[in-house]
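Undergrad: Can you keep this structure in mind? I'll have questions shortly.
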Amino acid sequence: MKALRRILILLTVLALLALGVWWGNNCIETDVFTFASPSLPREFEGFRIAQLSDLHGKQFGEGNAKLVDAVAAQKPDVIALTGDLVDAESSVADVVPLIEGLVELAPVYYVTGNHEWGCGKAQEVMKTLRALGVTCLENEFVRIERGGGHILLAGVHDPNGHADQKTPELLAQELYASEMNPWWLLLAHRNTQFNGRYCRLGANLTLCGHAHGGVWRLPFTDGLIGTDLRPFPTFTSGFYRCTDEGCQRAWVFVSRGLGNSPHWLPRLFNHPQLAVIVLEPN
C-alpha cells in the first residue's frame, strides 16, 4: 500500500506540473505599461499601442479568437506586430484569422522578424498582410494623426532581410529630412540590435521582441535562457534604457512575445504576453 500511495503521489505531482506548464504556455497575460515623454504631443495623451510579437504560428483558441478578444478588450489606437508571426513549422494561413480580427479593431503595422526571412516566407507574409489591410513598414515611416497633432511611426526589416536593403541609419536620415524635430516610434524585431545601433537613431521609443522573455524566468531575473539556448540573456522584458555611452536617453520596450522558439522548449514562469503601451506627456 505504501508503494502504491507513493506512486499515486508522484503521478499527481507530475500531472500538476504538466498542467502548470500547459497553463503557463497557453494563458495570455495582458500587461499595461505607461511611457511618459515630455515632448509627446498633448493630443496623444492616453494613446494605446497593443504590441504582439513572436507568435510563431501559435493558436490561442480557434482562429486565435482568444488573442483577438484580449486585444479588443484593451481598445488600442494602433496594433504593432514586431515580427516572427510564422516560422518554418507554421504557415501563413495559420495567422490569417488573427489578422482578419485585428484589422477590425485598429490600424495594424507590421515589421519582419528573423524567422520569416530565415524560412523564406517574408514576402508571402507581407503580401498576405497587405491584402488584409495591414501596413507593412519596410524600412519606412508613416505619419499618425490625432486631434490635430501627429507622431511618426517607423519600422525596419530584420537584418535577415535583403542584403541591399535600406539601412536603419538611412531611414532615420530620411525621417529627419521630412521633419526637423519629430516625436517618433520605431518598430524593430531584434532586441539585440538596440544597444549600439537602434539606440543611436533618435527614436523616442523603440518596440522590439525576439527575446521571448528569456524563455525561462524567475522573480527578479532578466531571463534564464535565451532562444539561442545561451544562459542569462539581457533586455528580455519591459523597458530598458540604452547602456551605450552617449545614448543613455534612448529607451526600448521588449515584449515577452506569444509563441515558443524553439517549439520544443516550453516557457517557464513566463506567460505569453500581450503588451499595451500607453503614451503620456510628462
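Undergrad: Test LEU81 against the criterion of being open to solvent by less than 10 Å² (accessible area, probe 1.4 Å), in contact with a Phe, Trp or Tyr (Cβ under 6 Å, 6 or more places away or on another chain) and more than 16 Å from LEU207 (Cβ to Cβ), and give yes or no.
TA: So LEU81 does not fit the description; no.
Undergrad: Identify the single condition in (1) over 18 Å from the mean Cα position of the chain (by Cα); (2) of a type outside the set (Lys, Arg); (3) surrounded by 15 or more Cβ atoms within 10 Å (Cβ to Cβ) that ALA177 does not satisfy, given that it satisfies every other one.
TA: (3)
Undergrad: Which condition does ASP94 not pass, out of (1) assigned to a loop (DSSP other than H, G, I, E, B); (2) out of contact with any strand residue (DSSP E or B) (no Cβ under 8 Å at 6 or more places or on another chain), if it passes all the others?
TA: Condition not satisfied by ASP94: (1).
Undergrad: Within the stretch 140-192, take every residue that is touching a residue at least 60 places away in the same chain (Cβ under 8 Å) and of a type in the set (Lys, Arg) and give me the one that is farthest from ASP228 (Cα to Cα).
TA: So the residue we want is ARG146.
Undergrad: While we're here: Return the residues of the stretch 199-242 that are of a type in the set (Ser, Thr, Tyr) and under 30 Å from GLU174 (Cβ atoms); say none if nothing qualifies. Working first, answer last.
TA: We begin by selecting, within the stretch 199-242, every residue of a type in the set (Ser, Thr, Tyr); these are 206, 221, 227, 234, 236-237, 240.
Within the stretch 199-242, THR206, TYR240 qualify.
Undergrad: Still on this structure, please answer the following. Return yes when LYS75 is among the charged types (D, E, K, R), modelled with pLDDT under 95 and part of a loop (DSSP other than H, G, I, E, B) and no when it is not. First the steps, then the outcome.
TA: Details: among the charged types (D, E, K, R): yes; modelled with pLDDT under 95: no; part of a loop (DSSP other than H, G, I, E, B): yes.
So LYS75 fails the test.
Undergrad: Report every pair of residues separated by at least 6 positions or lying on different chains whose Cβ atoms are under 6 Å apart, first residue within the stretch 92-107 and more than 12 Å from VAL134 (Cα to Cα), second buried (at least 17 other Cβ atoms within 10 Å of the Cβ) and of a type in the set (Gly, Ala, Ser).
TA: Hits for this filter: ASP94/GLY57.
Undergrad: Give me a count of the residues in the stretch 36-69 that are open to solvent by less than 20 Å² (accessible area, probe 1.4 Å) and either in a helix (DSSP H, G or I) or among the hydrophobic types (A, V, I, L, M, F, W, C) (or both). Let's see the steps before the verdict.
TA: We begin by selecting, within the stretch 36-69, every residue open to solvent by less than 20 Å² (accessible area, probe 1.4 Å); these are 37, 40, 44, 47, 49-57, 60, 64, 67.
Those still in the list that are either in a helix (DSSP H, G or I) or among the hydrophobic types (A, V, I, L, M, F, W, C) (or both) too: 40, 44, 47, 49-50, 52, 55, 60, 64, 67.
Number of matching residues: 10.
Residue-wise test of (1) in contact with a Pro (Cβ under 9 Å, 6 or more places away or on another chain); (2) open to solvent by 30 Å² or more (accessible area, probe 1.4 Å).
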| residue | (1), (2) |
| --- | --- |
| GLY196 | no, yes |
| GLY209 | no, no |
| LEU229 | yes, yes |
| THR234 | no, yes |
| TYR240 | no, yes |
| THR243 | no, yes |
| ARG249 | no, yes |
| LEU258 | yes, no |
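Undergrad: Here is a further query. Residues in the stretch 160-174 that are assigned to a helix (DSSP H, G or I) and surrounded by fewer than 19 Cβ atoms within 10 Å (Cβ to Cβ): how many? Working first, answer last.
TA: Step one: of the stretch 160-174, the residues assigned to a helix (DSSP H, G or I) are 168-174.
If we keep only those that are surrounded by fewer than 19 Cβ atoms within 10 Å (Cβ to Cβ) as well, we get 169-170, 173-174.
Of the residues in that region, 4 qualify.
Undergrad: Report the residue count in the stretch 97-135 for those that are open to solvent by 50 Å² or more (accessible area, probe 1.4 Å), outside any loop (DSSP other than H, G, I, E, B) and under 18 Å from GLY61 (Cβ atoms).
TA: 2
The values are calculated or read from the model by the stated rules, or taken from the named source; none is laboratory data. Quick caveat: nothing in here was measured; it's all calculated off a predicted structure. Cβ: placed from backbone, ideal geometry, glycine included. Neighbour counts: every protein chain shown. Surface areas here come from the heavy atoms of the whole protein model, side chains and all, with no ligands, DNA or RNA. Shrake-Rupley method; radii C 1.70, N 1.55, O 1.52, S 1.80 Å.
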